[in-house]
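Below is one structure, written out as structure tokens; comments come after it.
The values are calculated or read from the model by the stated rules, or taken from the named source; none is laboratory data. These numbers were taken from a predicted model, which means no experiment stands behind them. All Cβ positions, glycine included, derive from the backbone under ideal geometry; neighbour counts span all protein chains shown. Note: areas computed on protein heavy atoms with side chains; ligands, DNA, RNA excluded. Shrake-Rupley method; radii C 1.70, N 1.55, O 1.52, S 1.80 Å.
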Amino acid sequence: MTCPFTETLPPPAAASRKPDQILKAAYAVFLEQGYGTASMDAIAREAGVSKATLYAHFASKEELFTAIVGSACRAFERLAAMSPPPDDLRAALMDAGGTLLRFILNPDVIKVYRNVLAEAGRFPELGRAMYEAGPGQGKAHLTTFFAAANARGVLAVPDPELAAEQFGAMILGHMKMRMELGIEMPSEERIERGLRSGVDAFLRAYAAPAAPTP
């Protein structure tokens, strides 16, 4: 089974193949059994490793789950590290937004999200872990990017943190909600349309003031 979380990781070096193998196995077990039912024994069996090896890399189910979700944020780490020159700003936001949309709207990710919602009452640490390692990290990286764009005068963003939240909402619209409710799976054309429209609306809303004419 392909893992939309761990597939965002670069090809692992020899020394790191075991953790990557465990993460993919844990994702499969969480998806099939749910977080509450899944056991470290089942994850070790799925990964083909001993429990000692499993615990040597990950101390708990929560740590495993956090690592799985956190692996999806690599694209946003790259975005936060970029300097946002004016010519590349729209392209950078289209790339980051496209990564975000295709991740959030992956059917398997929706399944995991539904499981988290169903079990968050019994396992409050699960919801916290998913937010902090996933959406929270993505928001933090976008905040850094928008703060840099504001400092360079590329955009006028008085509140970069709020802008990061608004950017996600602008490109996502109701697509995720409709998927969660089982209404429809958005087409690639719909995703692209939402992405282009959201990025353009965001750039209009936060456009830097025009330089005064001499």
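Listed by first and then second residue, the pairs with beta-carbon distance under 6 Å, at least 6 apart or on different chains, first residue in segment 23-46 and on the phi < 0 side of the Ramachandran plot and buried (at least 19 other Cβ atoms within 10 Å of the Cβ), second modelled with pLDDT of 85 or more and not in a helix (DSSP H, G or I), are Val29/Ala38; Phe30/Ala38.
Residues of segment 161-198 that are open to solvent by less than 30 Å² (accessible area, probe 1.4 Å) and either charged (D, E, K, R) or more than 16 Å from Met94 (Cα to Cα) (or both): Met175, Met179, Pro186.
Scanning segment 116-139 for residues that are of a type in the set (A, V, I, L, M, F, W, C), part of a helix (DSSP H, G or I) and surrounded by fewer than 17 Cβ atoms within 10 Å (Cβ to Cβ) yields Leu117, Ala118.
Looking for something within 13 Å of the chain's Cα centre (by Cα) and either buried (at least 20 other Cβ atoms within 10 Å of the Cβ) or touching a residue at least 40 places away in the same chain (Cβ under 8 Å) (or both) - is there at least one such residue anywhere in segment 149-157? So far as segment 149-157 goes, no, none of its residues is within 13 Å of the chain's Cα centre (by Cα) and either buried (at least 20 other Cβ atoms within 10 Å of the Cβ) or touching a residue at least 40 places away in the same chain (Cβ under 8 Å) (or both).
Filtering segment 69-108 to residues that are small (Gly, Ala, Ser), surrounded by 20 or more Cβ atoms within 10 Å (Cβ to Cβ) and at pLDDT 70 or above leaves Ala96, Gly97. Summed over segment 36-56, the residues that are in contact with an Asp or Glu (Cβ under 9 Å, 6 or more places away or on another chain) and over 22 Å from Glu119 (Cβ atoms) give a count of 1. Being crowded, with 20+ Cβ neighbours inside 10 Å, at pLDDT 70 or above and of a type in the set (Lys, Arg) holds for only one residue in Lys61, Lys18, Lys51, Lys111, and it is Lys61.
One line per residue, one yes/no per condition, for (1) in contact (Cβ under 8 Å) with a residue 60 or more places away in the chain; (2) β-branched (Val, Ile, Thr); (3) touching an Asp or Glu at 6+ places or on another chain (Cβ under 7 Å); (4) closer than 27 Å to Pro107 by Cα:
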| position | (1), (2), (3), (4) |
| --- | --- |
| Ala147 | no, no, no, no |
| Asp159 | no, no, no, no |
| Met170 | no, no, no, yes |
| Met179 | yes, no, no, yes |
| Gly182 | no, no, no, yes |
| Met185 | yes, no, no, yes |
| Arg196 | yes, no, no, yes |
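Residue count for segment 140-189, restricted to those that are part of a helix (DSSP H, G or I) and of a type outside the set (D, E, K, R): 26. Inspect all residues belonging to segment 195-214 and state whether any of them is within 17 Å of the chain's Cα centre (by Cα), hydrophobic (A, V, I, L, M, F, W, C) and at pLDDT 90 or above. Yes, some residue in segment 195-214 is within 17 Å of the chain's Cα centre (by Cα), hydrophobic (A, V, I, L, M, F, W, C) and at pLDDT 90 or above.
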